[in-house]
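The values are calculated or read from the model by the stated rules, or taken from the named source; none is laboratory data. Quantities reported herein were computed from a predicted structural model and do not represent experimental measurements. Cβ atoms come from the backbone with ideal geometry, glycine included; neighbour counts cover every protein chain shown.
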Amino acid sequence: MIFAKFKGEAAGIDQAPSWAADLFDRDRAGSFTHFYDEMSGGLLRVDGQVLPKRYSAGQPASAYLADLPGTLGRFGQFNLEILEQADLDIDMGLFDNDGPDGSPNSGDDDGYVDIVFVNLLTVPRDFLVGTATGLASLGLDTDFISDDPAADGDFVRIRSRFTGFGGTTQRGHVFSVTAATMCHEFGHIMGLVDLFDQSSVSANGELDPAEDSAGIGKWGLMGLGTLGWGIEDGPNAFSAWSLARLGWVEVVEIGENVRDLVVEDIVRGKKIYKIPLTREEYFLLENRQAGGSYYNRKVPASGLLIWHVDERADNDEERHKRVDLVCPDGLFADRGFPGEQPDPIAGLDNLD
């Protein structure tokens with residue numbers, strides 16, 4: 001993990017923040033490692049190392065902004081400059097450890113650094129794309145080739161945007177936002193898609209509240225749950241659909257004649273229930289309890305969540321989303337972001 005800033009920004013702040021190492025603390029609730037450990041039921045435990053310096057790019061922020069609103073900024077050039085500096089300080093072979101023997105750069109690894117997180121003090125508009133503050137990309141046009149030998153005789157590399165996920169770029173100014181954004185962007189690396197409404201982003205990169213369905217809203221990390229239910233108190237838990245896609249819950253298919261079904265808290269039971277409609281369309285039943293997990297501690301109410309899923313769709317369409325939380329009132333009366341009363345039982349928000 002690398003902390004970085006623009007030239008001329010935050011003079012005198014040249015070290016990683018004091019809380020940085022806690023992002024990989026398995027025992028600290030809200031950390032990156034704790035989140036994935038809990039969400040996966042211990043199946044995925046991510047360790048990492050924080051570089052002690054805060055590296056500065058060669059130019060001010062204005063030099064890295066997109067030429068046109070809504071297009072990608074020059075964050076790839078920014079990251080290239082940061083990686084070149086970091087390469088002088090570390091052996092990048094220590095972070096190529098995806099082989100079965102558990103030893104880095106030992107000959108059974110792929111020659112690439114597993115993942116690089118680049119955390120910035122600020123992310124200005126049009127640095128990534130529009131108003132985005134995180135992206136599952138380093139933006140590199142070609143592989144970054146380090147000066148550290150790989151076991152196969154080549155040099156250890158970092159993937160470009162054309163050869164895979166080399167890492168993520170995000171705002172990292174306080175612990176909660178850094179951890180939550182890393183969790184969301186790493187979700188993309190794990191194969192998950194965004195579940196918020198991207199169609200309401202205007203040409204200048206802004207959300208149009210009148211057109212934004214919010215997708216699944218704050219009921220999942222891959223929706224608008226990155227920053228939590230309050231002010232920067234995320235991440236929120238994964239939705240049932242995301243957990244199923246990752247294989248971290250058991251999906252039990254039920255038919256027409258099931259009676260007395262008990263749906264246990266998803267954190268404790270690690271089960272969700274599927275009611276098929278067609279091959280691509282189905283319901284998922286999830287029992288989410290506020291006391292079951294740190295990442296559900298602020299849900300507006302505990303209870304049964306009914307998800308409607310249509311794998312043929314996406315989450316940009318208000319009336320027929322790929323993943324949708326079904327609310328009991330059945331109305332589309334509260335169109336707009338972020339909704340007034342997010343409540344799984346009574347409805348009354350923009351997710352209905």
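Laid out as a table, the results:
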quantity	calculated
Subset of the stretch 29-43 (residues that are within 16 Å of M190 (Cβ to Cβ), touching a residue at least 24 places away in the same chain (Cβ under 8 Å) and surrounded by 15 or more Cβ atoms within 10 Å (Cβ to Cβ))	F32, F35, Y36, E38, M39, S40
Residue pairs meeting the criteria (Cβ under 8 Å; at least 6 apart or on separate chains; first basic (K, R) and surrounded by fewer than 13 Cβ atoms within 10 Å (Cβ to Cβ), in the stretch 266-294; second at pLDDT below 95 and not in a strand (DSSP E or B))	R268/G292
Filtered residues of the stretch 222-238 (kept if of a type outside the set (G, A, S) and touching a residue at least 40 places away in the same chain (Cβ under 8 Å))	L224, T226, L227, W229, E232, D233, P235, N236, F238
Selected residue (only one of F186, F155, F144, F165 is modelled with pLDDT under 95 and of a type in the set (F, W, Y))	F165
Complete set of residues in the stretch 72-105 that are in a loop (DSSP other than H, G, I, E, B) and farther than 21 Å from V50 by Cα	G73, R74, G99, P100, D101
Only one of A61, A86 that is touching a strand residue (DSSP E or B) at 6+ places or on another chain (Cβ under 8 Å), buried (at least 16 other Cβ atoms within 10 Å of the Cβ) and of a type in the set (G, A, S)	A86
Residues located in the stretch 132-141, provided they are among the hydroxyl-bearing types (S, T, Y) and at pLDDT 95 or above	S137
Selection count where residues are modelled with pLDDT of 95 or more, touching a strand residue (DSSP E or B) at 6+ places or on another chain (Cβ under 7 Å) and either outside any loop (DSSP other than H, G, I, E, B) or crowded, with 20+ Cβ neighbours inside 10 Å (or both), scope the stretch 106-131	10
